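Take a look at the structure set out below.
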Amino acid sequence: DLLESEKPTALVVAGGVAANQLVRTSLEVVARDKGLPLLVPPIKYCTDNGVMVAWAGVERLKQRLYELPPSAASYERHVEVRPRWPLGPRDPRSGAK
């Protein structure tokens with residue numbers, strides 16, 4: 001058991017995962033059960049960085065999980081924002097075959 005052999009002094013969570021309230025709450029329970037302080041930055045500092053976002057895009061492209069951009073005929077003047085983009089198939093319209 002890692003906690004038995006390594007004797008951690010704290011549980012530290014950072015990055016985009018630390019912005020998830022369910023994750024924070026669950027880790028508070030784990031930390032309390034193990035007698036450790038949970039160290040988490042303020043939410044405003046818990047963001048995904050550009051490299052992580054780009055890597056997710058590379059992984060989706062390698063798995064052929066992409067969508068073609070709209071054609072000029074069907075183009076609408078908006079940008080779809082997806083703050084929680086999945087790595088798996090999004091829906092049947094995915095470019096993966």
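The values are calculated or read from the model by the stated rules, or taken from the named source; none is laboratory data. Remember, predicted model here, so these are calculated numbers, not experimental data. Neighbour counts run over all protein chains shown; Cβ positions are idealised from the backbone, glycine included. All accessible areas refer to the heavy atoms of the entire protein, side chains included, with ligands and DNA or RNA removed. Shrake-Rupley method; radii C 1.70, N 1.55, O 1.52, S 1.80 Å.
A single member of VAL23, VAL53 is modelled with pLDDT of 85 or more, surrounded by 11 or more Cβ atoms within 10 Å (Cβ to Cβ) and outside any loop (DSSP other than H, G, I, E, B), and it is VAL23.
Of all residues in the stretch 38-50, those that are open to solvent by 80 Å² or more (accessible area, probe 1.4 Å) and assigned to a helix (DSSP H, G or I) total 3.
Scoring VAL81 on the criteria (1) at pLDDT 65 or above; (2) part of a loop (DSSP other than H, G, I, E, B) leaves a single failure, condition (1).
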